[in-house]
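Report on the following structure.
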Amino acid sequence: MRTVAFTLNGKPTRLTVDENRMLLWVLRDYLGLSGTKFGCGAALCGACTVLVNNDAVRSCATPMKDVDGKKVITIEGLANNVKLHPLQEAFVKHLAFQCGFCTPGMILGAYAFLLKNPKPTRAQIVQHMDDHLCRCGAHVRIVAAMETAAASMNGGAR
Ligand code: FES
Ligand code: FES
């Protein structure tokens, strides 16, 4: 056990945990942030994706020792108070989900990608999102939502 301190959705957070406990389970079980989903548990599906220092990481494979001193954002922290993030608005506009299980990970994976690639081509979006799985088959609408979000973000994160 050790104390791990990090910023979670803008708030300083300090926990004494097993340093090898995966971030996914700390978010869900200790901190009540159930927006981050457990899909495969093997860093393969993307359902558990969160941001660590604005990089998309698979929280099912990220031990707590790796977030010490860093900035973590989950889907609960993406909206700006009551206003949805442009990516969230675009997912709603395009109905880019069915069951919604993959959606938090999709949106955060998309967010990290658009931060680094503010004006992506459709091919770049498809290539980047290839390792985010959606069993409902919403991929075409997800790509369309990302194109809309990229245009409305206009190179900015928010
Ligand atoms: S649950 Fe982490 S990648 Fe699937
Ligand atoms: S919307 Fe159901 S898994 Fe993607």
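The values are calculated or read from the model by the stated rules, or taken from the named source; none is laboratory data. For clarity, every value in this text was computed on a predicted model and none was experimentally measured. Reconstructed Cβ throughout: ideal geometry from the backbone, glycine too, with neighbour counts over all protein chains shown. In case anyone asks, the SASA skips ligands and DNA or RNA and just uses the protein heavy atoms, side chains included. Shrake-Rupley method; radii C 1.70, N 1.55, O 1.52, S 1.80 Å.
The alpha carbon radius of gyration of region 1-139, expressed as a multiple of 2.2 N^0.38 Å, is 1.03. The magnitude of the dipole of region 48-146, with charges of +1 and -1 set on the Cβ of Lys/Arg and Asp/Glu and taken from the Cα centre, is near 220 debye. Label-to-label distance, residue 123 versus residue 140, with points set 7 angstrom from Cα along the beta-carbon direction: 2.1 nm. Couplings 3J(HN,Hα) for region 112-123, derived from phi with the Karplus relation 6.51 cos²θ - 1.76 cosθ + 1.60 (θ = phi - 60°), are 4, 5, 5, 4, 8, 10, x, 10, x, 7, 4, 4 Hz, where x marks Gly and Pro. Taking 16 Å as the cut-off, the amide N atoms of region 81-103 that come nearer than this to a point 7 Å along the Cα-to-beta-carbon line of residue 40 belong to 102-103.
Once the 1.4 Å probe is applied to the protein heavy atoms, region 62-158 comes out at 51 Å² accessible per residue.
For the pair residue 18 and residue 95, a Förster radius of 41 Å applied to the C-beta separation gives a FRET efficiency near 0.55, rounded to the nearest 0.05.
Taking the 1.4 Å solvent-accessible surface of region 1-112 as the whole, the part contributed by carbon and sulfur is 52%. Considering only 111, 64, 133, the residue lying farthest towards the positive end of the dipole of region 19-140 is 111, judged by Cα position with unit charges set on Cβ. Where does the Debye-calculated log10 I(q)/I(0) of region 67-158 sit at q = 0.13, 0.14, 0.21, 0.22 Å⁻¹, using only Cα point scatterers of equal weight, no solvent? The calculated log intensity ratios at q = 0.13, 0.14, 0.21, 0.22 Å⁻¹ are -0.39, -0.46, -1.03, -1.12.
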